[in-house]
1. In this structure, is LEU138 modelled with pLDDT of 95 or more, closer than 20 Å to ARG109 by Cβ and over 24 Å from the mean Cα position of the chain (by Cα)?
2. Say whether the condition of being basic (Lys, Arg), more than 23 Å from the chain's Cα centre (by Cα) and outside the structural domain of THR15 (by the TED database) is met by at least one residue in segment 289-297.
3. Counting only residues that are touching a Leu at 6+ places or on another chain (Cβ under 6 Å) and part of a loop (DSSP other than H, G, I, E, B), which one in segment 139-154 is surrounded by the fewest Cβ atoms within 10 Å (Cβ to Cβ)?
4. Quick one: SER169 ticks every box in (1) under 17 Å from LEU101 (Cβ atoms); (2) at pLDDT 95 or above; (3) of a type in the set (Ser, Thr, Tyr) bar one, so which box is it?
5. Could you list all residues from segment 395-417 that are of a type in the set (Val, Ile, Thr), more than 24 Å from PRO237 (Cβ to Cβ) and buried (at least 24 other Cβ atoms within 10 Å of the Cβ)?
6. For segment 68-87, state whether one or more residues are surrounded by 20 or more Cβ atoms within 10 Å (Cβ to Cβ), at pLDDT below 95 and over 25 Å from GLU195 (Cα atoms).
7. Scan (1) touching a residue at least 12 places away in the same chain (Cβ under 8 Å); (2) within 23 Å of the chain's Cα centre (by Cα) for the single condition GLN330 breaks and write down its number.
8. In segment 138-161, what count of residues is obtained for those that are of a type in the set (Ser, Thr, Tyr) and under 22 Å from LEU228 (Cα atoms)?
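The values are calculated or read from the model by the stated rules, or taken from the named source; none is laboratory data. What you see is a predicted model; the values in this text were computed from it and never measured. Please note: Cβ atoms are built from the backbone with ideal geometry, for glycine as well, and neighbour counts cover all protein chains shown.
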Amino acid sequence: MESFLIEGGHQLSGTIMPQGAKNEALEVISAIILTKEEVIMENVPNILDVNNLIQLLKDIGVKVKKLAPNKYSFQADEINLEYLESAEFVKKCASLRGSVLMYGPLLGRFGLATIAKPGGDKIGRRRLDTHFIGFKNLGARFIYLEDRGVYELKADKLVGTYMLLDEASVTGTANIIMAAVLAEGTTTIYNAACEPYIQQLCKMLNGMGAKISGIASNLLTIEGVKELHGTSHKILPDMIEVGSFISMAAMVGDGVRIKDASVENLGIMLDIFRRLGVQVMVDGDDLFIPRQDHYVIDSFIDGSIMTISDAPWPGLSPDLISVLLVVATQAQGSVLFHQKMFESRLFFVDKLIDMGAQIILCDPHRAVVIGHDHQRTLRAGRMSSPDIRAGIALLIAALSAPGTSRIDNIAQIDRGYENIEDRLNALGANIKRVMNK
């Protein structure tokens with residue numbers, strides 16, 4: 001187990017570039033299973049969740065070559081189908097949330113997938129019903145193997161159909177798309193997620209020979225094809241990391257430039273930061289966040305308290321709520337955060353309260369933050385990272401707290417942020433990675 005020691009109170013300045021998007025990487029890397037031909041992938045983030053998925057692909061027989069930093073070649077021409085039914089494969093899937101994205105392409109190409117309960121963040125219930133209902137609509141059937149405690153997903157033939165998703169699940173939409181591209185006939189998916197990463201997956205699949213229309217909308221039409229071929233694909237910058245860097249710049253920045261942020265794919269994020277009073281300047285495809293000695297939370301037109309809540313795209317990503325909440329602790333004014341999707345994600349605010357933040361946790365989904373307006377700094381302390389996004393939020397809080405803080409369980413942060421301490425130290429932070437005795 002490793003920890004971060006953070007000497008807080010240092011101002012950050014300079015230029016930083018976001019890594020490739022974690023959530024897109026998990027989708028498009030899983031999609032390489034759909035073809036026997038080589039797929040070249042650029043801007044692949046060097047993070048734990050992505051590296052574990054790549055290792056899992058190697059385990060099932062995918063040929064993987066690292067061509068350069070963050071650039072890979074994948075070729076799935078010799079998949080070991082027997083290994084897919086092994087106890088070892090099931091165990092590995094159970095430790096990696098991203099493994100769920102292999103079900104759709106395995107089902108689409110081979111008509112077989114073994115279902116294990118996936119791992120990942122402990123942020124509340126993350127049901128897979130949308131995925132499985134979609135697979136059943138395409139003609140798959142579930143078989144429970146009592147001796148192994150797993151389900152097998154089988155289909156002699158997948159057939160396109162119309163379906164209305166019960167929720168706009170991002171991973172559910174991705175999985176159904178990947179199963180449907182090789183199905184017979186036409187599949188129509190209504191209430192589909194339409195995040196930029198879903199758009200990227202669709203564009204990549206079309207580059208492989210798929211026929212997907214309606215991209216960027218919540219109504220997708222997929223005409224099944226016989227087979228897919230190889231392609232090249234570049235992963236977008238990670239919008240959640242961009243949001244994390246804006247948060248750091250707002251709290252402890254003395255002029256920070258975020259290089260090549262893919263501004264057109266950030267959605268409502270910049271408007272949300274501006275509602276908290278944070279100045280964000282757009283310069284081409286870069287963002288510049290000047291020093292923020294004072295920022296004031298906006299209110300609604302009728303004077304009522306600002307409320308910030310997550311929503312399906314183009315609404316606010318739930319992954320940004322944690323870092324926005326930390327930014328609000330040093331603003332002037334009050335704001336209600338409503339995290340609608342996950343019932344355990346806000347529990348990390350207890351650690352912020354221990355650091356001196358004024359936060360009222362109303363229930364598992366809502367918290368009111370009363371900003372300090374930089375009149376009172378957060379206190380350094382020892383804490384543990386419960387999940388990826390809470391981990392980076394606690395790191396931001398620690399950067400603003402004079403003294404030395406310690407964050408344990410930083411493997412959670414490593415799952416989503418590439419070489420984060422070196423990149424922030426280059427801006428003036430003082431973060432050390434230490435081994436726990």
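1. Values: modelled with pLDDT of 95 or more: yes; closer than 20 Å to ARG109 by Cβ: yes; over 24 Å from the mean Cα position of the chain (by Cα): yes.
Yes.
2. Residues of segment 289-297 basic (Lys, Arg): 291.
Going one step further and asking which of them are more than 23 Å from the chain's Cα centre (by Cα), we end up with 291.
Narrowing further to those that are outside the structural domain of THR15 (by the TED database): none.
No; the residues of segment 289-297 include none that is basic (Lys, Arg), more than 23 Å from the chain's Cα centre (by Cα) and outside the structural domain of THR15 (by the TED database).
3. GLY139
4. (2)
5. Within segment 395-417, ILE407 is the sole residue that qualifies.
6. Checking segment 68-87: at least one residue is surrounded by 20 or more Cβ atoms within 10 Å (Cβ to Cβ), at pLDDT below 95 and over 25 Å from GLU195 (Cα atoms).
7. It fails just one condition, (2).
8. Start the filter on segment 138-161 by keeping residues that are of a type in the set (Ser, Thr, Tyr), which leaves 144, 151, 161.
Next, from what is left, pick out any that are under 22 Å from LEU228 (Cα atoms): 161.
Qualifying residue count for the region: 1.
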